[in-house]
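Have a look at the structure below, then the notes.
The values are calculated or read from the model by the stated rules, or taken from the named source; none is laboratory data. What you see is a predicted model, and the numbers here were worked out from it, not measured in a lab. Here the Cβ is made from the backbone with ideal geometry for all residues, glycine too, and neighbour counts use every protein chain on show.
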C-alpha cells in the first residue's frame, strides 16, 4: 500500500518510515475466500496486488474506513468549492486518526498519540464529532504517562519514551481539558487531573525557568513552510521563532487557564498564586522579548506576534501596531500565504478574524498555490466518499 506513485510506476513509500505496508495471505485454494486484516490498519491511496489468481477487478478489493464510533454532530458547507473540499479532507483526516486515542498519522510509523497536533485539532474536532468521552479517556492516558518528576511526555500513551521537558507539545493536556469543559460542560477532567497539571507546571518552573523565561523547547514552530517543495524544513533563520519565546508564551497562557481551573476544581487557594505568576511573567516577557522601537516580538515572525496577541501578552495600546506586523508578514513577505508552523497556525486564523481581518483568513484558507491547504487539491488529493447526511447539532 502506498500514498504515492513514482514516475516509473512503482510505489513511493519513503515517507512511511518503518511502517510495514504489506499484508501477506496464503490462499487455501478451495472456493471463494474472503480475508481482511484484524490486527492492523493502513492509511493509503494506492494498493498493489501480486500473486492474484487471474486479473483482479475492483469487485475483488474493498477498502474499509476504520475509526472510533463517533457520531457526526456538526458540518459546514459554503459557497466556495475549495473550502468545501478542504473540509471534506479534514473530515477524513481527523476521523482516520481517532482509534482509541487521537493519533498523528494513519499511514506511516507515527500512529501514536503525539500531543503537539492536538493542542488545536482537539477543539476543531469537537465541533465535528462526539469526542467527549474519547478525549476524557485520553486525558487519563496522559496522566498515566506522567513520570515521577512531573514531566508530561510528548507522546501519550508513552509508547515512545519521549520525556523531553518540552512545554508546547504537552500543552495539549491543558488545552483539551479546557475544551472538554467549554464544549461539553464536563468539569470532571479538570477536577481529576488538576494536581497532575500543577505538578507539571511546577516542574517546568523549577527546572527551566531562567529570569522568568522558560528556556526549554524541543521542536520549535514545527514545519514552517520551506522555501521550495524539495525541502522538508525551512533554511531561513528569520522564519524560525525562538524556542524560549514559544515556551514562555504557552506557559503564560496556561497560568491564566489554571486560574480558572483552580476555581472550577475547588483549589481556590491557588488562584492568587497563578495570577501573581502570570503577572510577573507578562512584565518580564514584554521587557525581554518585545521590541518597543518597531513594535514586534522576538524576531518578528508571524508566529511570535500572533501568539502574543492571542494570549493577551500585548499591552492594549500596542495591539494595533503588533497586529500590523502580522498583516505585513502575511500579505507582503508571505504573498498571501501561511508563514507559520504547527504552533503559530493554532492561533493564526482566530487572531486574524478577531482583529478585524477575516478577509486575510479567508484568503489563506482558499488559496490554491503553495503553501496552502488548497494546493493539496491541485495535486490530486481530493476528498472521497460520502459521509452521509449530516445534521448539525441543535442549539441548547
Would you check which residues across region 30-49 are touching a residue at least 12 places away in the same chain (Cβ under 8 Å) and on the phi > 0 side of the Ramachandran plot and list them? none
Consider residue 122 carefully, then state whether it is in a loop (DSSP other than H, G, I, E, B), more than 18 Å from residue 203 (Cβ to Cβ) and touching a residue at least 12 places away in the same chain (Cβ under 8 Å). no
Of all helices (runs of 4 or more DSSP H) fully inside region 245-363, the set with 2 or more residues that are within 23 Å of residue 201 (Cβ to Cβ) is 271-289, 302-310, 342-354
Which one of 311, 290 is touching a strand residue (DSSP E or B) at 6+ places or on another chain (Cβ under 6 Å), closer than 28 Å to residue 234 by Cβ and at pLDDT 95 or above? 290
All-but-one check, residue 186 against (1) assigned to a loop (DSSP other than H, G, I, E, B); (2) modelled with pLDDT under 95, failing number (2)
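Matching residues to (1) surrounded by 10 or more Cβ atoms within 10 Å (Cβ to Cβ); (2) in contact with a strand residue (DSSP E or B) (Cβ under 9 Å, 6 or more places away or on another chain):
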{"site": "6", "(1), (2)": "yes, no"}
{"site": "12", "(1), (2)": "yes, yes"}
{"site": "17", "(1), (2)": "yes, no"}
{"site": "23", "(1), (2)": "yes, no"}
{"site": "29", "(1), (2)": "no, no"}
{"site": "37", "(1), (2)": "yes, no"}
{"site": "40", "(1), (2)": "yes, no"}
{"site": "58", "(1), (2)": "no, no"}
For region 197-228, what are the residues that are part of a helix (DSSP H, G or I) and surrounded by 19 or more Cβ atoms within 10 Å (Cβ to Cβ)? 197, 198, 200, 201, 204, 208
Just checking, how many residues over region 229-253 are farther than 20 Å from residue 274 by Cβ and surrounded by fewer than 24 Cβ atoms within 10 Å (Cβ to Cβ)? 15
Selection count where residues are surrounded by fewer than 19 Cβ atoms within 10 Å (Cβ to Cβ) and touching a helix residue (DSSP H, G or I) at 6+ places or on another chain (Cβ under 8 Å), scope region 313-332: 4
If I ask for residues that are touching a residue at least 24 places away in the same chain (Cβ under 8 Å) and assigned to a loop (DSSP other than H, G, I, E, B), which ones from region 364-382 would you list? 367, 368, 369, 370, 371, 372, 381, 382
Considering each of 160, 169, 138 in turn, give the residue that is under 17 Å from the mean Cα position of the chain (by Cα) and part of a loop (DSSP other than H, G, I, E, B). 169
